[in-house]
Amino acid sequence: MKLPIVCPSCENSLRVSQMKCEQCTTEVNGNYDLPLYLKLNREEQDFILEFFLSSGSIKEMAKQAGNSYPTMRNKMDDLIEKIKNLKF
């Protein structure tokens, strides 16, 4: 099951408020931000993972995906801009 990051009612961003240890049943309550990576959609997460697995080579990613280098570079630039906006 994928961790929900958007409210199903109003589509606002969700925050983490509770976590529980399966081993000892300790519960932690609060109001925490989701990690930046989890704020991205599945496609964006997969893109980052593929970039990592291709040793940071956009050229290799483009080859594996059957896309041109400029197409992959544009996707990377769009994702970088989105992350900058989420971070600040």
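Considering only A62, F47, L3, the residue lying farthest towards the positive end of the dipole of the chain is A62, judged by Cα position with unit charges set on Cβ. The charge dipole of the chain, taken about the Cα centre with unit charges on the Cβ atoms of Lys, Arg (+1) and Asp, Glu (-1), comes to about 140 debye, rounded to the nearest 20. Here the calculated FRET efficiency for C7 and Q64, from their Cβ-Cβ distance with R0 = 35 Å, stands at 0.50, rounded to the nearest 0.05.
Of the residues M72, N31, L86, the one whose Cα sits farthest toward the positive end of the charge dipole of the range 10-88, with +1 on the Cβ of Lys and Arg and -1 on the Cβ of Asp and Glu, is M72. Protection proxy ranking for 59-72, 31-44, using the average of other Cβ atoms within 10 Å per residue and placing the highest first: 59-72, 31-44. Enclosing the Cα atoms of the range 36-87 in their convex hull gives a volume equal to 68 cubic angstrom per residue. Both radii are taken from the alpha-carbon atoms of the chain; with Rh as the Kirkwood radius, Rg/Rh is 1.10. How tilted is helix 69-87 with respect to the longest principal axis of the chain? Cα atoms for both, answer in degrees (0 to 90, nearest 10). The helix 69-87 is inclined about 30 degrees to the chain. Here K84 is the anchor, and the lysines within straight C-alpha reach of less than 29 Å, apart from those fewer than 8 places off in the same chain, are K2, K39, K59, K63, K75.
Any read-out appearing in this document is the output of simple, stated calculations on the displayed coordinates, not a laboratory observation. Predicted model, so just to flag it, every value in this text is computed and none were measured. With ideal geometry, Cβ positions are generated from the backbone for all residues, glycine too; neighbour counts draw on all protein chains shown.
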